[in-house]
Amino acid sequence: MSSLAEVSRFDLVERLVHWSTAIMMMTLIVTGAILYLPSLALRVGHRGLVENIHVITGLCLLGPLLLGVAGPWRKQLIKDLRRFDRWGASDFDWFRGPTRRSGLERDKFNGGQKIEAAFLGAAMVGALLTGVIMRFAPSSWITWATGATLVHDALFFAIVAAVVTHVAFALSKPDQLVSMFNGRIPRSWAKSHAGAWWSELEVSKGDVSEAGSAEPRGGSSP
Amino acid sequence: MADELDETSGGRYPGTKPVHMGRRTVLGILGLTGIGIAVGTKIDNALGNVSSAVSNAIGVPLPGDDEFRYYTITGSYPVIPADTYELTVDGMVREPLRLRLADLRSMKRTKLVHQFQCVTGWIVPDVHWEGVLLRDVLDRAGVTSRATALRLFSADGAYTESLSLTQAHRPDILVADKMLGANVTADHGGPVRLYVAPMYGYKSIKWLNRIEVSNEVVPGYWEDNGYPVDAWIGGSAPVAGRP
């Protein structure tokens, strides 16, 4: 049941894609750390088993996203993926930091969220490619496997850094964190943090109940 | 596809046309990945010393370093005191052996300086190895004429390996009790491990405690997990004597 004080931010498909990918990503990070860090490798052991969990999870990692864009349920997911791609002045402006931003109305996602999404998406594909070479390439490809290992190891550090940043931001922004669970976010958040998206919602939905009484626009972020 | 985020509408981004930063980021990361796969071996070699120095300082392995990764397939790994260690050589031999560490150290010693190359790609260059040639151990036991293969067993109770008898007679396969300039430590498979210089690391079985001479190559632990039995680095055997 959707409250009048809230708007829909993530639909069910997006949340399912997010959380299934998140669970697999955590599995990959934990098993990857066991395979990679000597202290953990020696403490946990069972390398064959850990390797198989890591490889099978890795092969499935892009599954939810691909399923999410494969059917008629994809509409909002595709729309949001395009938002990650398209940057306007307010997205670049976001990187100037909270005190120096010029107050341009922002999209549904800010520049930091967009770069995070694009990076993690690309890193998942890169880790999959290099991982497949490491595990399945014929043994005569050893030169490529060495290169793949180098990239895979580097991506491990980069992905861990990105995920830690992502989780830290999420924990410090309760409204946005909750919206990834129940899909909804307060209208006040949308107005003040994502003014461009808010305007879009008003235009496309013609929501009279709230938008009618709201002032035209201009509630830009502080 | 119809899309309400019209690029030309100035509504959301007044006065500017949106830039495809997401696409650029993805292409950039994937480009770097491709370059890394293609020339990563060169980068790995160039990074080796610096990466190892930093890695040793912070205690975390880094991409491109020249450090060993530690593999163990059981929940814990055997820590065998040097004075109780025994290597059994049995099967199709004239004289089954039980060699203690002192016995191995009284035999003809061989030293090799050669890389340790893992099949997944990581590599440690110029490792110092010392021990007894596998073929010298086999000669001491006296392999019978119908034997064609070896099964190698580990004290961890799970790790097994195999070699053909022809492979076992190469001059670059050691029953090693020293590596990296010291006794082989327990985490590296000590007190005694195998070192098969021309093959990928998984053939160099750790915690070696039994060599059974037989007439059939039985795939070992990693071979049962899909890795090749004839694990020549680069896919084919190097010329004998030139490891």
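Placing pseudo-labels 7 Å out from each Cα toward the beta carbon at A:VAL125 and A:SER192 gives an inter-label distance of 3.8 nm. A protection proxy built from the mean count of other Cβ atoms within 10 Å ranks the segments B:176-183, A:135-142, most packed first, as B:176-183, A:135-142. Reducing segment A:2-38 and segment B:30-66 to their Cα centroids gives an inter-centroid distance of 30 Å.
Restricting the calculation to Cα atoms, every distinct pair contributes to the Kirkwood radius of chain A, found to be 19.7 Å.
What net charge do the residues around A:ALA118 carry, taking every other residue with its C-beta under 9 Å from that of A:ALA118, with Lys and Arg at +1 and Asp and Glu at -1? Cβ neighbours under 9 Å give a net charge of +1. Can you tell me how segment A:80-177 classifies by the Cα gyration tensor, rounded, prolate or oblate, using a/c under 1.5 as the rounded cut? Cα axes put segment A:80-177 in the prolate bin. Reducing segment A:49-66 and segment B:177-241 to their Cα centroids gives an inter-centroid distance of 29 Å.
One equal scatterer on each Cα of segment B:20-67, no solvent, Debye formula: the resulting log10 I(q)/I(0) at q = 0.23, 0.25, 0.27 Å⁻¹ is -0.76, -0.81, -0.85.
The mean number of Cβ atoms from other chains found within 10 Å of a Cβ in peptide A:101-107 is 2, as a whole number. Binning the alpha carbon pair distances of the protein assembly as shown at 20 angstrom intervals from zero yields the distribution 21, 41, 23, 12, 2, expressed in whole percent.
Start at zero, step by 10 Å, and the Cα-Cα distances of segment A:13-113 spread as 14, 28, 24, 22, 11, 1 percent across the bins. Checked against a 22 Å cut-off, the cross-linked pairs A:LYS75/A:LYS173; A:LYS114/B:LYS42; B:LYS178/B:LYS206; B:LYS42/B:LYS206; B:LYS42/B:LYS203 give Cα-Cα distances beyond that limit for A:LYS75/A:LYS173; A:LYS114/B:LYS42; B:LYS42/B:LYS206; B:LYS42/B:LYS203.
No lab work stands behind these numbers, since they all come straight from the coordinates. All values derive from a computational prediction rather than experimental measurement. Note that we place each Cβ from the backbone using ideal geometry, even for glycine, and neighbour counts take in every protein chain shown.
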